[in-house]
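Undergrad: Take a look at the following structure, please.
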Amino acid sequence: MARPRIVVADDHHTTRERIASLLASDFDVVSTVADGQAAVEAACALSPDLVVLDTSMPRLNGLEAGAFIRDLPDPPRIVFATAYDDASIDSAASALGASAVVRKREMLTGLVRRGIGGQPVASAHRRTQVLASLWLFVGCLPRRGVQHNL
């Protein structure tokens, strides 16, 4: 069975790599990009199943990029990742039909530095929680109209 294909967009290199690392063992991370315009381009070119968008990025912020991605033919599901606990972000994401709004601090809490070269590795418990939630979004929920806070 093919693994779900994911694009990760975040303007902070370390955060982008940590999110991709967290997901890479169970998902096919087909692209990591640093801005909203690149996220739209990757979604158009690669037809992922899911796009994880930081809400605050250059060129196009995540919400702006999400609006373009939502309007693609057969659009991917969208999960917004944000550092902010702001109800207006939740409302805007819901209006765009996002599958979820994930607080970065909660997503990355389980990451610890281990291994050769200090590579980020997710704690097994937190990694399982995040992956189970994302599997739910990718595998079971409709692409539009569902919003869930992790």
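Values quoted throughout were computed directly from the atomic coordinates according to the rules given, and no laboratory measurement underlies them. Keep in mind it's a predicted model, so treat the numbers as computed, not measured. So basically every Cβ, Gly included, is an ideal-geometry build from the backbone, and we count neighbours across all protein chains shown.
Undergrad: If I go through region 1-17 residue by residue, how many of them are touching a helix residue (DSSP H, G or I) at 6+ places or on another chain (Cβ under 8 Å) and within 17 Å of residue 56 (Cα to Cα)?
TA: Looking only at that region, the number is 5.
Undergrad: Restricting to region 31-70, name every residue that is free of Cβ contacts under 8 Å to residues at least 40 places away in the same chain, surrounded by fewer than 19 Cβ atoms within 10 Å (Cβ to Cβ) and more than 21 Å from residue 103 (Cα to Cα).
TA: Across region 31-70, the qualifying residues are 37, 41, 44, 45, 59, 68.
Undergrad: Would you kindly identify the helices (runs of 4 or more DSSP H) lying entirely within region 1-106 that contain at least 2 residues that are under 13 Å from the mean Cα position of the chain (by Cα)? Before the answer, list the steps.
TA: On the way: elements: 13-24, 36-46, 62-70, 87-95.
In region 1-106, the matching helices (runs of 4 or more DSSP H) lie at 13-24, 36-46, 62-70.
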